[in-house]
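K.L.:
Next up is a structure, given as structure tokens.
The values are calculated or read from the model by the stated rules, or taken from the named source; none is laboratory data. Keep in mind that what you see is a predicted model, and the values were worked out from it rather than measured. Here the Cβ positions follow ideal geometry from the backbone for every residue, glycine too, while neighbour counts run over all protein chains shown. In case anyone asks, the SASA skips ligands and DNA or RNA and just uses the protein heavy atoms, side chains included. Shrake-Rupley method; radii C 1.70, N 1.55, O 1.52, S 1.80 Å.
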Amino acid sequence: MTCRRHIPVVVFVLAAVMVGGAASIGAQEPGEWRFGGRLIYIDVDAVSQPFLDTESKIGLDSSTFLEFDTTYMLGENWGMEWMITIAPHDTKVVDGVFNGLDLGSVWVGETTLTFNYMILRGRWRPYVGAGLAAGYFLYSDTSSAAEAIGVDNVKSGLGWGPVGQIGLNHRLNKAWILSLDLKWIDMPIDVKLEGSSGTIEEVEMDMDPLIIGLGAAVRF
């Protein structure tokens with residue numbers, strides 16, 4: 001399952017709110033810091049290239065977890081935002097000889113740095129942004145089924161790529177901000193299947209996650 005088909009709806013809602021920009025509650029100031037967090041849904045549903053000449057592929061499922069973020073305001077409308085999350089993802093085998101095999105799970109560390117532009121100055125503040133993202137498999141918990149075929153670990157190299165961002169900030173008061181955030185990342189990553197004697201196979205996977213987040217931040 002994927003929620004990518006809902007993107008036009010989300011964009012329409014954001015656009016509708018943009019039109020209704022309202023009462024001012026204090027402008028953003030250069031040098032202002034914001035610290036916060038979001039509940040995020042990471043829509044991945046990615047598969048790798050076939051491994052071991054079996055036509056089988058490594059699949060990575062979507063996940064729901066927390067994201068922590070901080071923003072530094074470069075001006076009234078420009079901000080630099082850094083986000084980080086470490087989320088668990090179930091892994092499985094898709095197609096080929098090992099189709100349906102449960103590989104266990106991996107914890108993926110992911111971070112993004114974006115420059116965003118606040119479109120309006122009122123209580124409702126839509127924004128767009130762009131930047132770079134990086135991801136890495138920090139830890140894997142392989143299943144007994146994976147170990148039975150000689151796979152003791154699922155690791156990765158460092159993946160990175162561009163990120164696009166669109167979102168909406170709502171100023172509750174001078175201190176607190178609510179946010180709805182949407183990011184799409186183009187991030188290929190090399191995935192390694194490892195056994196007792198070392199790397200069994202290394203294949204490329206296009207993670208390309210769509211990350212939808214809802215959260216809050218405090219201004220300083």
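K.L.:
Quick one: Karplus J couplings for the stretch 64-79, per residue in order, coefficients 6.51, -1.76, 1.60, θ = phi - 60°, nearest Hz, x for Gly and Pro?
P.N.:
3J(HN,Hα) across the stretch 64-79, in whole Hz: 10, 7, 10, 10, 10, 9, 9, 10, 10, 7, 8, x, 4, 10, 9, x.
K.L.:
Can you tell me the length gained on complete extension of the stretch L178 to E55, counting 0.36 nm per residue apart and subtracting the Cα distance?
P.N.:
Stretched fully, the L178-E55 segment lengthens by 39.7 nm.
K.L.:
Hey, can you grab everything whose amide H is under 5 Å from the amide H of E201? Only 5+ residues off in sequence or another chain; H modelled, so Pro and N-termini drop out.
P.N.:
L193
K.L.:
Could you work out which residue, out of A46, A175, A134, moves most in a Gaussian network model of the chain, that is, has the largest mean-square fluctuation with Cα springs under 10 Å?
P.N.:
Judging by the Gaussian network model, the answer is A175.
K.L.:
Which of [x] 1.11; [y] 1.16; [z] 1.01 is the computed Cα Rg over 2.2 N^0.38 Å for the structure on display?
P.N.:
Matching the structure shown: [y].
K.L.:
Give the residues of the stretch 177-220 whose amide nitrogen is closer than 14 Å to a point set 7 Å from the Cα of D45 in the direction of its Cβ.
P.N.:
Counting only backbone N, you get 208-211.
K.L.:
Against the longest alpha carbon principal axis of the chain, how many degrees, from 0 to 90 and to the nearest 10, is the axis of helix 7-19 turned?
P.N.:
Result, in degrees: 10.
K.L.:
Given the options I149, I42, I166, state which has the largest fluctuation in a GNM of the chain using a 10 Å cut-off (strictly under) for Cα springs.
P.N.:
Largest GNM mean-square fluctuation: I149.
K.L.:
For the chain, calculate the relative contact order in percent as a whole number, restricting contacts to Cα pairs under 8 Å that are 6 or more residues apart.
P.N.:
It comes to 21 percent, rounded to a whole number.
K.L.:
Another one. Which pairs in the list K155/K183; K92/K183; K92/K155 are over 22 Å apart, alpha-carbon to alpha-carbon?
P.N.:
Those over the limit are K155/K183; K92/K183.
K.L.:
Okay, moving on. What does the accessible area per residue of the chain come to in Å², with a 1.4 Å probe and no ligands, DNA or RNA counted? Don't jump to the answer; show the numbers that get you there.
P.N.:
Values: 10540 Å² over 220 residues.
About 48 Å² of surface per residue is accessible.
K.L.:
Can you list residues whose amide H is under 5 Å from F98's amide H, if they're 5+ apart or on another chain and H is modeled 1.01 Å from N?
P.N.:
S56
K.L.:
If you split all Cα-Cα distances of the stretch 112-194 into 10 Å bins from zero, what percentages do you get per bin, shortest first?
P.N.:
Computed distribution, short to long bins: 16, 29, 22, 18, 11, 3.
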